[in-house]
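Below is one structure, written out as structure tokens; comments come after it.
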Amino acid sequence: MSYSNAFEELDKAQHDRGSFDCGEDELNDFIQTKASRHMLAGISRTFVLPADSPLPNGKRPICAFYSVTPSSIARENLPRALAKKLPHYPIPVFLIAQLAVHLDQKGQGLGKITLVKALEFLWSINAQMPAYAVVVDCLNQEAHDFYEHFGFEILCTHNGRTRMFLPMKTIGQIF
Ligand SMILES: CC(C)(COP(=O)(O)OP(=O)(O)OC[C@H]1O[C@@H](n2cnc3c(N)ncnc32)[C@H](O)[C@@H]1OP(=O)(O)O)[C@@H](O)C(=O)NCCC(=O)NCCS
């Protein structure tokens, strides 16, 4: 399965959600049953990288995807040196709520491409409505190690998961 050259907003009429498998039930279930409903409800946006050719059902399989949404963090969770420059009310951030690569594509650089595309999208939103950082809630140690590899730092524990962050200023140095 080779992938097309651009991420597209999830469209259940065009993208085959059922064949997506990243090896994590929670993420598979999200893209198969929740992502589209969450977009309709106006609570997140999901972008997919489809394969370059369709299945017999006319839909293209999903090679990778990411979902993003606005969120906020408490000042107290940030390292003191960063926190002291910020107000005492909730700090706006963008959350990469989900990010995954199909097992068939794992270990071939697509996770990096997907993360860069998510950060690039959020950087463009930041130009219109700024946020302090991008945060992620790690599903497991693999996710933690992946995000750490790209400079994310531990922020706190959130709903039993390690929450990591990358300041928007750092992201601005990439783009
Ligand atoms: C985690 C995941 C997104 C990585 O995708 P991938 O396509 O296998 O990763 P890539 O091949 O793009 O790797 C990119 C870089 O990250 C590194 N990397 C990948 N997985 C890593 C891990 N678990 N720990 C540390 N580094 C990792 C690679 O060595 C590579 O480094 P390089 O750019 O210096 O060569 C993918 O395995 C996945 O979808 N897993 C299941 C879902 C999941 O856990 N998602 C995390 C968000 S909750």
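Please enumerate the residues belonging to region 156-175 that are among the β-branched types (Val, Ile, Thr), outside any helix (DSSP H, G or I) and more than 16 Å from residue 98 (Cα to Cα).
Kept after step one, since they are among the β-branched types (Val, Ile, Thr), are these residues of region 156-175: 157, 162, 170-171, 174.
Filter again for outside any helix (DSSP H, G or I), leaving 157, 162.
Listed by number, the list holds a single entry, 157.
Looking at region 97-114, is at least one residue at pLDDT 95 or above, in contact with an Asp or Glu (Cβ under 8 Å, 6 or more places away or on another chain) and closer than 28 Å to residue 173 by Cβ?
Yes: region 97-114 contains one or more residues that are at pLDDT 95 or above, in contact with an Asp or Glu (Cβ under 8 Å, 6 or more places away or on another chain) and closer than 28 Å to residue 173 by Cβ.
Quick one: count up the residues across region 131-149 that are part of a loop (DSSP other than H, G, I, E, B) and over 20 Å from residue 69 (Cα atoms).
Residues that pass the stated criteria total 1.
Collect the residues in region 29-42 that are more than 14 Å from the chain's Cα centre (by Cα) and either within 28 Å of residue 141 (Cβ to Cβ) or of a type in the set (Gly, Ala, Ser) (or both), keeping them in residue-number order.
29, 32, 33, 34, 36, 38, 41, 42
In contact with a helix residue (DSSP H, G or I) (Cβ under 7 Å, 6 or more places away or on another chain) and at pLDDT 95 or above: is that true of residue 18 in this structure? Explain how you work it out, then say what you get.
Working: in contact with a helix residue (DSSP H, G or I) (Cβ under 7 Å, 6 or more places away or on another chain): yes; at pLDDT 95 or above: yes.
Against the criterion (in contact with a helix residue (DSSP H, G or I) (Cβ under 7 Å, 6 or more places away or on another chain) and at pLDDT 95 or above), residue 18 qualifies.
Tell me yes or no: at least one residue of region 108-126 is basic (Lys, Arg), part of a helix (DSSP H, G or I) and surrounded by 16 or more Cβ atoms within 10 Å (Cβ to Cβ).
Checked region 108-126: at least one residue is basic (Lys, Arg), part of a helix (DSSP H, G or I) and surrounded by 16 or more Cβ atoms within 10 Å (Cβ to Cβ).
Can you tell me how many residues in region 95-140 are under 20 Å from residue 31 (Cβ atoms) and among the polar types (S, T, N, Q)?
So the answer is 5.
Taking interchain pairs and intrachain pairs at least six residues apart, which have beta carbon atoms under 8 angstrom, with the first residue in region 105-116 and within 16 Å of residue 147 (Cβ to Cβ) and the second near the ligand (Cβ under 6 Å from one of its atoms) and of a type in the set (Val, Ile, Thr)?
Listed pairs, sorted by first residue: 110/101; 111/101; 114/101.
Residue by residue through region 85-113, note down the ones that are touching a Cys at 6+ places or on another chain (Cβ under 9 Å) and of a type in the set (S, T, N, Q).
Residues of region 85-113 touching a Cys at 6+ places or on another chain (Cβ under 9 Å): 100-106, 110.
Passing the criteria: only 105.
Quick check on residue 92: is it assigned to a strand (DSSP E or B) and closer than 23 Å to residue 30 by Cβ?
So residue 92 does not fit the description; no.
For region 152-173, indicate whether the set of residues that are hydrophobic (A, V, I, L, M, F, W, C) and within 7 Å of the ligand (Cβ to nearest atom) is non-empty.
Among the residues of region 152-173, not one is hydrophobic (A, V, I, L, M, F, W, C) and within 7 Å of the ligand (Cβ to nearest atom), which makes the answer no.
So if I check each of 23, 42, 58, which one is on the phi > 0 side of the Ramachandran plot, within 16 Å of the ligand (Cβ to nearest atom) and at pLDDT 95 or above?
Matching residue, one of 23, 42, 58: 23.
Looking for whichever is part of a loop (DSSP other than H, G, I, E, B) and under 22 Å from residue 126 (Cβ atoms) here; the options are 6, 97, 13. Which one fits?
Only one candidate passes the filter, namely 6.
What number of residues in region 56-85 are surrounded by 13 or more Cβ atoms within 10 Å (Cβ to Cβ) and either out of contact with any strand residue (DSSP E or B) (no Cβ under 7 Å at 6 or more places or on another chain) or in a loop (DSSP other than H, G, I, E, B) (or both)? Quick ask: steps written out before the conclusion?
Here is the first cut: in region 56-85, the residues surrounded by 13 or more Cβ atoms within 10 Å (Cβ to Cβ) are 59-75, 77-78, 82-83.
Cutting the leftovers down to either out of contact with any strand residue (DSSP E or B) (no Cβ under 7 Å at 6 or more places or on another chain) or in a loop (DSSP other than H, G, I, E, B) (or both) gives us 59, 74, 78, 82-83.
The number of residues fulfilling the criteria is 5.
Being farther than 30 Å from residue 14 by Cα and in contact (Cβ under 8 Å) with a residue 12 or more places away in the chain narrows it down to one residue among 175, 146, 65, 121; which is it?
The match here is 175.
Can you tell me which residue is farthest from the ligand (Cβ to nearest atom) among those in region 94-136 that are within 15 Å of the chain's Cα centre (by Cα) and more than 17 Å from residue 47 (Cα to Cα)?
Filtering first and then ranking leaves 133.
The values are calculated or read from the model by the stated rules, or taken from the named source; none is laboratory data. Note that the coordinates shown come from a computational prediction; the quantities given were computed from them, not determined experimentally. Here Cβ is always computed from backbone atoms with ideal geometry, including for glycine, and neighbour counts include all displayed protein chains.
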